[in-house]
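The values are calculated or read from the model by the stated rules, or taken from the named source; none is laboratory data. Quick caveat: nothing in here was measured; it's all calculated off a predicted structure. No Cβ is skipped: glycine too gets one built from the backbone with ideal geometry, and neighbour counts run over all protein chains shown.
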Amino acid sequence: MPTTSSRTWTGLWADWEDESGPGGQNGAMSADRADAGNPLVRLSREQIRDLAAKGWLTHDGMWYDQTARALGVERANELNRAAIRAMAPFEVGRLCEALGVQPSEVRDAAAVARFVAEGIQLVTPASVGGHLHVRAGERVLQWEWEPGECFAYKGMQRFGYLDGYECGVIYRVECWLEALGVRPRGEPAVGVCLMHRTGRCAGELPLSLPG
């Protein structure tokens with residue numbers, strides 16, 4: 001039995017690594033046992049995606065809350081949108097790589113809608129992204145949240161910021177489109193939370209497409 005000082009935790013369930021090799025009485029570990037202790041193997045892709053995405057959404061909401069407490073809601077809105085815009089080129093580049101497409105291939109409304117829908121599916125939990133519907137229109141991208149289901153609406157409602165909150169969710173989609181080169185930079189299509197003001201969050205984003 002190795003001494004405590006010679007043991008190293010490997011991150012695998014109930015296994016130690018010492019000078020004689022990894023775990024077990026004979027210094028051997030079966031592949032099945034190693035896999036059972038590796039959450040990346042044990043959990044499904046959907047579970048891993050949801051865990052990571054929910055962590056991001058929680059951080060996003062807590063960041064906004066703490067910024068609003070320290071600097072006010074107006075400044076929190078400004079910083080939130082500035083961060084979204086700065087992040088968009090990196091997000092779009094990674095999504096293009098993950099989806100196996102080039103920005104130059106996303107040049108009609110159907111391709112734009114497909115990119116946005118699949119992007120949302122990748123970066124949000126199923127319990128969130130499944131409630132936002134996007135579709136291609138005539139040189140526009142149309143969107144609609146199911147009533148009351150926008151995660152930002154729910155979060156801002158809990159925090160008590162709905163009266164002053166400016167939408168960051170649709171703005172994120174706008175910034176994706178700008179990074180793809182299919183929407184010119186301009187005034188955000190959505191200002192204050194539509195779900196809060198009108199009871200419905202739906203609309204369309206005009207696209208700058210060739211032809």
Some residue of the stretch 177-197 being out of contact with any Phe, Trp or Tyr (no Cβ under 8 Å at 6 or more places or on another chain), at pLDDT 95 or above, crowded, with 16+ Cβ neighbours inside 10 Å and not hydrophobic (A, V, I, L, M, F, W, C): yes
Odd one out for residue 86, checked against (1) under 18 Å from the mean Cα position of the chain (by Cα); (2) assigned to a helix (DSSP H, G or I); (3) touching a residue at least 24 places away in the same chain (Cβ under 8 Å): (3)
Return the residue satisfying two criteria in turn: it lies in the stretch 61-102 and is exposed (fewer than 14 other Cβ atoms within 10 Å of the Cβ) and either polar (S, T, N, Q) or at pLDDT below 95 (or both), and of such residues it is nearest to residue 115 (Cα to Cα). 102
Determine, yes or no, whether residue 135 is within 29 Å of residue 97 (Cβ to Cβ) and either buried (at least 18 other Cβ atoms within 10 Å of the Cβ) or at pLDDT below 95 (or both). no
